[in-house]
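Engineer: Could you have a look at this structure, given as C-alpha cells, before my questions?
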Amino acid sequence: MGKKKKNHWRIIPGCELTDMDRRILEAEQRGKLVPTRELIKTPEQIEGIRRAGVINTAILDLVGERIKPGISTLEIDNFVYDYTIAHGAQPAPLGYDGFPRSCCTSVNEVVCHGIPNEFEILEEGDIVNVDCTTILDGYYADASRMYVVGGKTDPQRQKLVDVAWQCLKIGQEVCSQPYVYVGDIGHAIANHAHKNGFSVVRDLCGHGVGLAFHEDPDVDHYGKRGHGMLLVPGMVFTIEPMINMGTWEVFVDEDDGWTVVSEDELPSAQWEHTFVMTDHGVEVLTH
Ligand code: MF3
Ligand code: CO
Ligand code: CO
C-alpha cells in the first residue's frame, strides 16, 4: 500500500506526442491522478509477469486438488513452497517484511494475511482464501482464490464466496477499456457488495505489481467514479476485493502482527487476479 501522490507525466523530448501522451496530459490538466512512466511496463516485462503468472496459477490449481478436511494450513504452505522452488521460482511472501511463510491462508473470519500454521486444521465447510505470489526471473504475479473445504458450506458463506468472485469480475469488466479510473472499479465493486447485503474492506487495497510486490497505484475496492489513478495501457495491477458478511471494519492480530480479522468476526471472502491494461482493456495474467 503506497500513499497517493500527484505525478507529472514526462514527455519524451524530440518525440511526437502519442495518443496516450495526449490523454494523460489532458487528464492531468483536469486535476486527475495519472501514472508516471515507471508504471508502464514494456512488452518484455509483461511477458515476464505472464510467465510468473503461469506458475502462480498452477500453484493455486494444486491447492484446489489437495485442500480437504483434516489438512493443516502449514501443509498447504509446504507444497506451495516446494512447487514454487521446483519450478525455478520464489514465493514472494517468504521473508517479505518478516512474513514467515510462502503464502497466506485466511480461514472464515480472517480477511487476509493469515499465517499458515501446523495447528490450524481445516474442517468441512470452512471457507479459505489462499493467496500466492510468485517471483520468476524478478517478475511478480499475485493471485488468490477461495476454497470451500469439502466442497459444501452453509448458504450464507457460499453466497459470500460467490459475491466476492462477482465483485472481482465486475472490477475486471469496468476495465474493458483503457483510460478508466481506479475509482470506477471501486465504485462498481462496492455497489455490488452492498446490493447483496455485504460490506467492503477499506483498510487494504489492490496494487500495482510486476517489478515489485506492491507498486503504485493503490486499487481501492470502494470509491468515487473518476477518482484515483488513470489506468493506461501497459500498467499491471491487481484487483482483490475483500468482502465481509458483517461490518467492513477489521483488526490486526496483536500476537502475530499480520492476521487481519473482521471486527465482528463474521466471515470474509476474497479473490485476486493480476491484470495488464491493454489498448482493448485488461487481460488476466494469472489465469
Ligand atoms: N498477496 C498479498 C496481496 O495480495 C500480500 C501478502 S503480503 C504477505 O497483496 F507478506 F503477507 F505475504
Ligand atoms: Co495483491
Ligand atoms: Co495476493
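Per-residue answers, yes or no, for (1) at pLDDT 95 or above; (2) farther than 25 Å from Ile243 by Cβ; (3) in contact with a Leu (Cβ under 8 Å, 6 or more places away or on another chain):
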residue	(1), (2), (3)
Ala52	yes, yes, yes
Ser72	yes, yes, yes
Ala86	yes, yes, no
Ala92	yes, no, no
Gly95	yes, yes, no
His113	yes, no, no
Gly125	yes, no, no
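Engineer: Something else about it: Quick one: count up the residues across the stretch 186-224 that are part of a loop (DSSP other than H, G, I, E, B) and either open to solvent by less than 20 Å² (accessible area, probe 1.4 Å) or polar (S, T, N, Q) (or both).
Structural biologist: The qualifying residues number 7.
Engineer: A further question follows. From the list Val182, Val130, Val149, which residue is at pLDDT 95 or above, out of contact with any helix residue (DSSP H, G or I) (no Cβ under 8 Å at 6 or more places or on another chain) and within 16 Å of ligand 2 (Cβ to nearest atom)?
Structural biologist: Val182
Engineer: Here's something else I'd like to know. Could you look through the stretch 69-99, keep only residues that are open to solvent by 60 Å² or more (accessible area, probe 1.4 Å) and among the aliphatic types (A, V, I, L, M), and pick out the one that is farthest from Gly257 (Cα to Cα)?
Structural biologist: Only one residue fits best here, namely Ala86.
Engineer: Follow-up. Is it the case that Asp255 is of a type in the set (D, E, K, R) and either within 16 Å of ligand 2 (Cβ to nearest atom) or touching a Lys or Arg at 6+ places or on another chain (Cβ under 9 Å) (or both)?
Structural biologist: No.
Residue by residue, here is whether (1) more than 16 Å from ligand 3 (Cβ to nearest atom); (2) in contact (Cβ under 8 Å) with a residue 24 or more places away in the chain; (3) surrounded by fewer than 16 Cβ atoms within 10 Å (Cβ to Cβ) holds:
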{"residue": "Glu124", "(1), (2), (3)": "yes, yes, yes"}
{"residue": "Cys132", "(1), (2), (3)": "no, yes, no"}
{"residue": "Val149", "(1), (2), (3)": "yes, yes, no"}
{"residue": "Ile170", "(1), (2), (3)": "yes, no, no"}
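The values are calculated or read from the model by the stated rules, or taken from the named source; none is laboratory data. Quick caveat, the model's predicted, so the values are computed rather than measured. Cβ atoms come from the backbone with ideal geometry, glycine included; neighbour counts cover every protein chain shown. Areas reflect the complete protein model, heavy atoms only, side chains present, ligands, DNA and RNA absent. Shrake-Rupley method; radii C 1.70, N 1.55, O 1.52, S 1.80 Å.
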